[in-house]
Amino acid sequence: MSNKNKELFPYVSGDYYSEKFANNELRITKEILTQSEVPIHRDEIEFIYIYKGSGTLMINGNLFDVSKGSLALLMPYHIHSFILEPTETLSFYRIRFSIGFLLLSSMNRKQYLESMLDIHGPVTILNVPKLKQELVLNLCKEVVEEHSIVNQETGTLDVSLISYLIYLVQTVEEENILETKKNKSWEILEYLQVHHQEQITREKIAKQFSCTDEELNYHLRTLTGVGFSENLNRVRVRNAVALLQFDELSIRQISEICGYKTEANFYKNFKQLRGVTPQTVRELSEETIPFEFKLDAWEIYIYIQENYQQNLSLSVIADMTNTTEKQINRLLKKSFNKTFLKLLTETRLRIAKNILFVLDKGVEETAISVGFPSSKAFSQAFKEYYGETPKQFSMRQHK
């Protein structure tokens, strides 16, 4: 990266976008970039996985060299853009989803308030280990293909992708993390996100970061284009939208959780930013996400994703949830249009396919590693689902 470009992009206020994602919505695009971007920041969370080329990613005024295998986790407080030299090209997948999707798909609903803090970890950019790069690439390809099919239900596959990317972030070795030296503007924006539930004021934040009120507003306006109050309201409303999917919380409770002193003030700021009331967003959420899908069915699916290698059975899940096997299958059928066995088998087959493609393991070893009782059962299920045996698939991929 030349010094010229470093001078051109020190601190640049980013355009702010809110695409009003539904809490169960995920969008993925395959992109090729040949020139620098305008800095932006969104209400949504964004994963970027680079599979070809190199360039520089600017986040909150800091510059990071990225290339094949780089994975960036960008939160709403990350004002970011790619900066490319004339000779540079980047090919990558951009995956966007709301905070609500993250809570819905990877957290236990009974712990979501505590979990809100856990998604703001120290890792911003990491280098995916070479053995896992093809796994990420193939999973992204599969999700893009499924999204291109009209009226195709992609919820379970979307969760698989996000769950795996979060797993990579949470388990990354220290040597694969790109060092992040956060400037004061970055730290202030992140502090607003993590502490938005508290009764924070401009004066308290200025004292926290040893600066004057004017300096605080300067830091915020430099990156976001707006001052303290506007940034705090963006954060609070963004998180309120994520919580509206949980029926057990009243709108008044959500307003208090998100730091508003009065429900009237919450309604006023919410409508100003979203264009509709919290109640309208809740009603729309209930139309798009069935009650069971939000709660028990989703938790069962996540449990399958995390424990597919074990000897799982419908009776085990029934015992865990204090319900009947028939009720579980009815719940899953209504939410995903699939039975427990179908969901478990599809999860195992999808992971097995990636193992065969990337790691070139034998059929029997692969079958055992994903939880099938025998290579025969694995081969039969694989052929029924993909139209060829695991051996045929492996030979075709490794000619």
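Taken together, the values in this text are just the output of simple stated rules run on the coordinates, not laboratory data. Predicted model, so just to flag it, every value in this text is computed and none were measured. Counting neighbours? That spans all protein chains shown, and the Cβs are built from the backbone with ideal geometry, glycine included.
Annotation for segment 201-279 versus segment 30-64: alpha-carbon center distance of 26 Å.
Summary of packing: across the peptides 217-223, 362-368, the per-residue average of other C-beta atoms within 10 Å ranks them, highest first, as 217-223, 362-368. Model label points for residue 184 and residue 253, set 7 angstrom from Cα along the Cα-to-Cβ axis, are 4.0 nm apart. Applying 1/(1 + (r/R0)^6) with r as the Cβ-Cβ distance of residue 339 and residue 173 and R0 = 51 angstrom yields a FRET efficiency of 0.85. Cβ-Cβ distance of residue 365 and residue 144, R₀ of 25 Å, FRET efficiency by 1/(1 + (r/R0)^6): the value works out to about 0.30.
Of the peptides 232-242, 265-275, the ranking by mean beta-carbon count within 10 Å, highest at the top, reads 232-242, 265-275.
Compute the relative contact order of segment 293-398 as a whole-number percentage, counting only Cα pairs closer than 8 Å that sit 6 or more residues apart in sequence. With pairs under 8 Å counted, the relative contact order is 23 percent. Residue by residue through segment 241-249, what is 3J(HN,Hα) from phi via Karplus (6.51 cos²θ - 1.76 cosθ + 1.60, θ = phi - 60°)? Round to whole Hz and write x for glycine and proline. Each residue's phi maps through the Karplus curve to give 4, 4, 7, 5, 6, 9, 4, 5, 9 Hz. Between residue 385 and residue 303, what's the calculated FRET efficiency when r is the beta-carbon distance and R0 is 25 Å? Round to 0.05. In this case the efficiency is close to 0.70.
Take the residue pairs 132/334; 361/383; 132/333; 184/271 and return only those whose Cα atoms are more than 29 Å apart.
In this structure, 132/334; 132/333; 184/271 lie more than 29 Å apart at Cα.
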